Amino acid sequence: MKMYLDLLRFVESNNKKLFCIYCGTETYVLNNIGICSNCENIISLPSSVLIKQDPEAVSKISAINEKLSNQNITETDFEEAIKIYDELIAKKNNLGYLYAKALLLIKYSNYLINQINYNKQGFMDENSELNEKSIKLVSDSKLLLYKIISTCNANINSNINSFNEIYLMFLANIKLNNFKAAQSSLNLIKNFNEIFILEYSQLIFNIAIKNYENATNNAKNLLMHDNFSINALFYYSFVLFNKKEFKQSKNILQQLQKYIKNDNIKNLIQDIAIKQNL
Ligand SMILES: [Zn+2]
């Protein structure tokens, strides 16, 4: 495991980051392709290049990222971020934005559910309003995921789909717990010569179906690959957690906190603390 933490430090010293045009996150990579550590879209360009190619999208997505990084995030931040995504979706013919927005809606829904927990003493009306809104957000998110799948399928029928689209269709199926359809998307991914993304997709699939032995192998292969994925380390610690190797899992997560800014790591560290105190 020490090897993986050394690898992490090496990646940082290499100081190569790619910018995700779909969510505004920058992710450490070793080569010219990576996976966003936040929304898992495929990324291939640094911000310095993207800002010349598409300054408007970079500025809009940076504005979203800023709102969502707010430590004291409010409903207004979420609403404004959603509005900007809608502008981008209307302008760009790109399923990556749909997927990032679907994830945002789930995050927003979780945020509202937490508000209910905090407001237990509050008025019932207020709580049921929050509850209804969070349910609506999840169903809107699902609609977006289904739209990704149907658009991708339509494009497959007219033979105009891209590799990115098929990968997104796979992610959408996983999010919807459609494992059979996810398996079919995975088979489509195999038709392309994209070993790194294929291994990553297999890792996600094996985690989803709780095949932790195969997932461990996928994570290890990814960590040996020229195209390093920081997410592979997160999934590896998730597998360790499920194998009840809490100490090792926590060790990796504590290092990862420096590089990945999302709730998954924080939540998993909390889960470990609960298990360790049992
Ligand atoms: Zn992203």
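Laboratory data are not the source of any read-out in this text; all were calculated from the coordinates shown. Note that the structure is predicted; figures quoted are calculated from it, not measured. Virtual Cβ from ideal backbone geometry, glycine too; neighbours counted across all protein chains shown.
Summary table below
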| quantity | calculated |
| --- | --- |
| Peptides ranked, highest mean first, by Cβ atoms within 10 Å: ranges 233-240, 50-57, 68-75 | 233-240, 50-57, 68-75 |
| Positive-end residue, the range 57-166 charge dipole about Cα centroid, Cβ charges, pick of N70, A102, V138 | A102 |
| D (Stokes-Einstein, µm²/s), Kirkwood Cα radius, the range 50-94, 1.306 mPa s at 10 °C | 144 |
| Net dipole in debye of the chain [+1 Lys, Arg Cβ; -1 Asp, Glu Cβ; about Cα centre; nearest 20] | 740 |
| The chain: Cys lacking any partner C-beta under 4.7 angstrom | C152 |
| Alpha-carbon centroid distance for the pair the range 90-110 / the range 1-49, whole angstrom | 21 |
| Cα principal axis extents for the range 54-177, largest first, Å | 56, 35, 19 |
| Total formal charge among the other residues, if their Cβ is under 14 angstrom from that of I42, Lys/Arg +1 and Asp/Glu -1 | -4 |
| Candidate lysines for bridging to K107, where Cα separation is under 16 Å - those fewer than 8 sequence places away on the same chain excluded | K67, K83, K133, K136, K142, K175, K261, K266 |
| Distance (nanometres) between label positions extended 7 Å along Cα→Cβ at N15 and E80 | 3.2 |
| Cβ-based charge dipole, the chain, positive-most Cα from C36, N264, N251 | N251 |
| Residues L104, L95, sorted so that the one with the fewest Cβ neighbours within 10 Å comes first | L104, L95 |
| Derived scalar couplings ³J(HN,Hα) [the range 85-96; Karplus, 6.51 cos²θ - 1.76 cosθ + 1.60; whole Hz; x for Gly, Pro] | 4, 4, 4, 5, 5, 5, 8, 10, 9, 9, 5, x |
| Over the chain: helical MRE at 222 nm, DSSP H runs n ≥ 4 each giving -39500 (n - 2.57), nearest 500 | -23500 deg cm²/dmol |
| Average Cα contact separation per residue, the chain, under 8 Å, 6 or more apart, as relative contact order % | 15 |
| Semi-axis lengths, Å, the chain, gyration tensor of Cα atoms, sqrt of 5 times eigenvalues | 27, 25, 20 |
| Stretch gain in nm, segment N187-D6, where the contour uses 0.36 nm per residue and the Cα spacing is subtracted | 61.8 nm |
| Residue exposure sequence - D125, D271 - by fewest surrounding Cβ within 10 Å | D125, D271 |
